[in-house]
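All remarks here apply to the structure that follows.
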Amino acid sequence: MKKLKSILETIHKKNPGENEFIQAVSEVFETISPLLNDDDAWLDQRIPERMAEPERVISFKVTWVNDQNQVQVNRGFRVQMNSALGPYKGGLRFHPSTNLSILKFLAFEQTFKNSLTGLPLGAGKGGADFDPKGKSENEVMRFCQAWMQEAYKYLGHFIDIPAGDIGVGEREIGYLFGAYKKITNRFEGVLTGKGLDYGGSFLRPEATGYGLVHFAQNMLESINEALEDKVCLVSGAGNVSQFAIEKLLEEGAKVVAFSDSSGFIHDKEGLDEEKLAFLKNLKNIKREGIEGYAKKYKSAKFHKGSNKSIWEIDADCAFPCATQNEVDEKHIEAMIKNKLILLAEGANMPLTQKAIDAIQASKILYGPGKAANAGGVAISGLEMTQNRMGRQWSKLEMEQELRIMMRNIHTHCIDSIRQYDLKEGDYLTGANIYGFKKVGKAMIAQGVV
Ligand code: GLU
């Protein structure tokens with residue numbers, strides 16, 4: 001579509017050097033022509049351009065003192081992307097690579113993901129170029145306090161509700177929450193992913209990984225397949241990966257590989273409950289690399305670095321759960337050769353555009369992150385509800401809610417595929433059209449604001 005091409009060119013020019021952001025926007029806009037062709041209002045109202053422009057970008061200085069009494073200077077951010085459906089909602093990333101391009105891509109993705117959950121959630125993302133790796137407990141606490149010292153002005157339970165992402169887990173959320181409470185004198189649900197004793201929700205830690213597996217089950221069901229006995233690859237070894245592995249094992253799948261920034265583990269015999277507990281302890285308590293797993297278990301081999309890719313292992317299902325652009329077109333070629341059945345994204349934008357093109361042209365069922373990993377933010381949405389009500393729902397209730405929400409997201413994708421006569425199994429276009437339509441309609445209804 002000519003018009004869309006020129007819109008993308010303008011966005012490109014307006015955001016120089018923001019490669020990840022432009023990648024995420026192009027990925028969505030290149031799929032939505034079937035919707036735009038239906039009604040001139042989308043382009044007349046300039047919905048694509050308005051969606052690609054964050055409502056507000058906050059960039060700020062974070063200064064703190066390390067254990068050696070040296071002053072440290074970091075950069076903090078919050079991108080408030082879209083509030084058509086609700087208050088800004090999305091995680092915080094603490095990683096040395098964090099920059100505005102990455103946060104804008106994540107916030108843009110979040111817009112569609114949050115709308116797919118069916119909950120009243122706008123979209124945002126934030127964080128800092130801080131590296132929690134190798135920092136002491138006290139350093140992490142002081143950094144979180146310094147971040148919040150500036151960010152609190154822009155947050156609130158009806159304004160903007162951050163949560164975790166890479167480098168931000170329950171520990172960091174606790175320190176951020178404590179700092180917000182101290183500064184504002186308000187005990188409110190301003191963050192999700194809190195500890196269970198002070199407003200957290202059952203199943204929030206598990207939600208992204210479990211939800212991913214539920215979504216994959218729904219996809220497999222649609223082709224009369226199931227997870228049982230399927231050989232699975234899960235990249236990453238953090239929160240999303242750990243709980244994806246846990247649920248896959250529960251469903252009778254065989255998980256043979258996982259990874260972290262040091263390399264990957266191939267365990268031919270597959271993981272079991274005990275091995276997963278060992279991995280969790282290694283990553284969450286000892287905060288060490290995964291090599292220790294291969295030292296403990298003879299069936300496992302550690303491959304240092306990423307020269308021999310985890311994606312070359314022969315398997316049925318792949319779950320990239322590490323980070324953006326971790327899978328390229330060569331990896332997809334290897335998967336096609338290995339007759340992989342399904343790939344579902346636990347991470348945000350783990351496939352490069354060329355990898356997406358290759359997988360879309362193949363027979364592999366492809367579950368895009370904005371649908372497949374929406375379980376985390378969906379349970380975050382329910383944590384917000386519980387905080388507003390002053391209640392805590394049971395684990396069983398949350399498990400049922402998660403299953404229902406993931407099924408609904410799957411149904412939304414399928415409905416769009418049918419309504420717009422898309423290729424069978426084109427979850428990517430289905431998810432993009434559903435999200436764009438819902439957010440765009442709300443934007444039109446609320447006028448030019
Ligand atoms: N960072 C997660 C995501 O990418 C969770 C966001 C949230 O719970 O607000 O969706």
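To make sure I understand the rule: partners must be aspartates and glutamates, Cα under 18 Å from the Cα of K308, and not fewer than 8 residues away in the same chain. Which ones qualify?
Candidates past the 8-residue exclusion: D260, D267, E291, E326, D328, E329, E333.
Please name which of F302, S26, G86 has its Cα lying farthest along the dipole of the chain towards the positive end, using unit charges on Cβ (Lys, Arg +1; Asp, Glu -1) and the Cα centre as origin.
The one lying farthest along the dipole's positive direction is G86.
Taking the Cα centre of the chain as the origin, how large is its charge dipole in debye, to the nearest 20, when only Lys and Arg (+1) and Asp and Glu (-1) carry charge on their Cβ atoms? Show your work: numbers first, answer last.
Values: 57 positive and 58 negative charges, 231 e Å.
For this selection, approximately 1100 debye.
Going Cα to Cα from K113, which lysines come in below 17 Å? Please leave out same-chain ones fewer than 8 positions away.
K89, K104, K125, K370, K437, K438, K441
For segment 323-437, just run the numbers: alpha carbon Rg, then divide by 2.2 N^0.38 Å, N being how many residues it has. Each step should come with its number before you reach the end.
Working: Rg = 16.3 Å, N = 115, 2.2 N^0.38 = 13.4 Å.
Computed over Cα atoms of segment 323-437, the ratio equals 1.22.
Could you give the spread of the C-alpha atoms of the chain along their three principal axes, from largest to smallest, in whole angstroms?
Result, largest extent first: 63, 55, 43 Å.
Counting other Cβ atoms within 10 Å, which chymotrypsin sites (Phe, Trp or Tyr not before Pro) in segment 157-253 have at most 12 and lie in a DSSP loop?
Of the chymotrypsin sites (Phe, Trp or Tyr not before Pro), the ones in loops of segment 157-253 whose Cβ has at most 12 other Cβ atoms within 10 Å are F158, F187.
Explain nothing, just the number: relative contact order of segment 244-312, from Cα pairs under 8 Å at least 6 residues apart, as a whole percent.
36
In nm, to one decimal, how far is the modelled label at R403 from the one at E288, with both set 7 Å along Cα→Cβ?
If labels sit at R403 and E288, their model points lie 3.8 nm apart.
Using a 10 Å cut-off on Cβ atoms, rank the peptides 32-42, 231-241 from the highest mean neighbour count down.
Working: 32-42: 15.4, 231-241: 26.3.
Highest to lowest by the protection proxy: 231-241, 32-42.
Report Rg(Cα)/(2.2 N^0.38 Å) for segment 310-380, keeping two decimals. Don't jump to the answer; show the numbers that get you there.
Working: Rg = 11.6 Å, N = 71, 2.2 N^0.38 = 11.1 Å.
In units of the globular-protein estimate, segment 310-380 measures up at 1.05.
If each Cα of segment 36-162 is one equal point scatterer, what is log10 of I(q)/I(0) from the Debye formula at q = 0.09, 0.17, 0.18 Å⁻¹?
Each listed q corresponds, in turn, to -0.30, -0.86, -0.93.
Within segment 99-206, which trypsin sites (Lys or Arg not before Pro) sit in a loop by DSSP and count at most 13 neighbouring Cβ atoms inside 10 Å? The partial results should precede the final answer.
Numbers: sites: K104, K113, K125, K133, K135, R142, K153, R171, K181, K182, R186, K194; in loops: K133, K135, R186, K194.
Here the sparse-neighbourhood loop sites are K133, R186.
Starting from the Cα of D131, step 7 Å toward the Cβ, then list every residue of segment 163-200 with an amide N under 16 Å from that point.
Of the residues in segment 163-200, 167-168 have backbone N under 16 Å from the label point off D131.
With θ set to phi - 60°, apply the Karplus curve 6.51 cos²θ - 1.76 cosθ + 1.60 along segment 271-282 and write out the HN-Hα couplings as whole Hz, x wherever there is a Gly or Pro.
Here the 3J(HN,Hα) series is 7, 9, 4, 5, 5, 5, 4, 4, 4, 4, 5, 4 Hz.
Towards the positive end of the charge dipole of segment 11-85, with charges on Cβ (+1 Lys, Arg; -1 Asp, Glu), say which of P16, Q72, A52 has the farthest Cα.
Working it through, the farthest residue towards the positive pole turns out to be Q72.
Using the Karplus curve 6.51 cos²θ - 1.76 cosθ + 1.60 with θ = phi - 60°, work out ³J(HN,Hα) for each residue of segment 314-320 in order, rounded to whole Hz, and write x for Gly and Pro.
So the J values, rounded to whole Hz, are 5, 7, 9, 9, 10, 10, x.
Between T98 and residues 5 or more places away or on another chain, which pairs have amide H atoms under 5 Å apart, with H built 1.01 Å from N, and which residues are they?
none
Any idea what the dipole of segment 381-449 comes to, in debye rounded to 20, about its Cα centre with Lys/Arg Cβ at +1 and Asp/Glu Cβ at -1?
200
Taking H as built 1.01 Å from N, whose amide H comes closer than 5 Å to the amide H of I290, not counting residues under 5 places away?
S262
Can you give the relative contact order of the chain as a percent, counting alpha carbon pairs under 8 Å and 6+ residues apart?
Result for the chain is 16 percent.
Starting at the first residue of segment 421-438, write each ³J(HN,Hα) from the Karplus equation 6.51 cos²θ - 1.76 cosθ + 1.60 with θ = phi - 60°, in whole Hz, x for Gly and Pro.
Each residue's phi maps through the Karplus curve to give 6, 7, 4, 4, x, 7, 5, 4, 5, x, 5, 4, 5, 4, x, 4, 5, 5 Hz.
Straight-line reach from K301: which lysines fall under 22 Å, measuring Cα to Cα and dropping same-chain residues less than 8 apart?
The qualifying lysines are K230, K254, K268, K275, K280, K283, K286.
Please work out the FRET efficiency for the pair K301 and I336, using the Cβ-Cβ distance as r and a Förster radius of 25 Å; give the result to the nearest 0.05.
It comes to 0.55.
Just so you know, all these numbers are worked out from the coordinates, no wet-lab data involved. The structure displayed is predicted, hence computed values, not measured ones. When we count neighbours, we look across all protein chains shown, and the Cβ atoms used for this are built from the backbone with ideal geometry, even at glycine.
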